[in-house]
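Here's the structure we're looking at; comments come further down.
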Amino acid sequence: MNKLKRFFIIYASVFAFIWIGYGLFSVVTGKPSANLILGYGIAFSIVIFAASWFAYWLMGHYKKVDKMAKDILTKK
């Protein structure tokens, strides 16, 4: 696994752990809107993992995507 992919995985995991952990803490301590906080944490975690995966994929295919964009923009 290369360094960039490892960075994306660690980055996403840290933020997912923080948000889900805070949501679970809210549920256990009975804070107001605890289930909403937990749901937001889970949704945020899914989105950040998807964004990290997409950024890694895009960086791996940037030459192909750049060429496709240039072809689309130069066609008249």
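The values are calculated or read from the model by the stated rules, or taken from the named source; none is laboratory data. What you see is a predicted model; the values in this text were computed from it and never measured. Glycine also receives a Cβ, built like all others from the backbone with ideal geometry; neighbour counts cover every protein chain displayed. In case anyone asks, the SASA skips ligands and DNA or RNA and just uses the protein heavy atoms, side chains included. Shrake-Rupley method; radii C 1.70, N 1.55, O 1.52, S 1.80 Å.
Brief remarks on what is shown
- Relative contact order for the range 1-64, counting Cα pairs under 8 Å that sit 6 or more residues apart, in percent: 38
- Extended-chain gain in nm, criterion 0.36 nm per residue less alpha-carbon gap, Val28 and Lys67: 8.9 nm
- Carbon and sulfur %, accessible surface of the chain computed with the full protein complex present, 1.4 Å: 74
- Around Ala69: net Lys/Arg minus Asp/Glu count, Cβ-Cβ under 12 Å: +3
- Average accessible surface for the chain: 82 Å² per residue, computed with a 1.4 Å probe over protein heavy atoms with every protein chain in place.
- Net length gained if the chain between Ile9 and Asn35 were fully extended (0.36 nm per residue, minus Cα distance): 6.8 nm
- Gyration tensor (alpha-carbon) shape descriptor, the chain, a/c threshold 1.5: oblate
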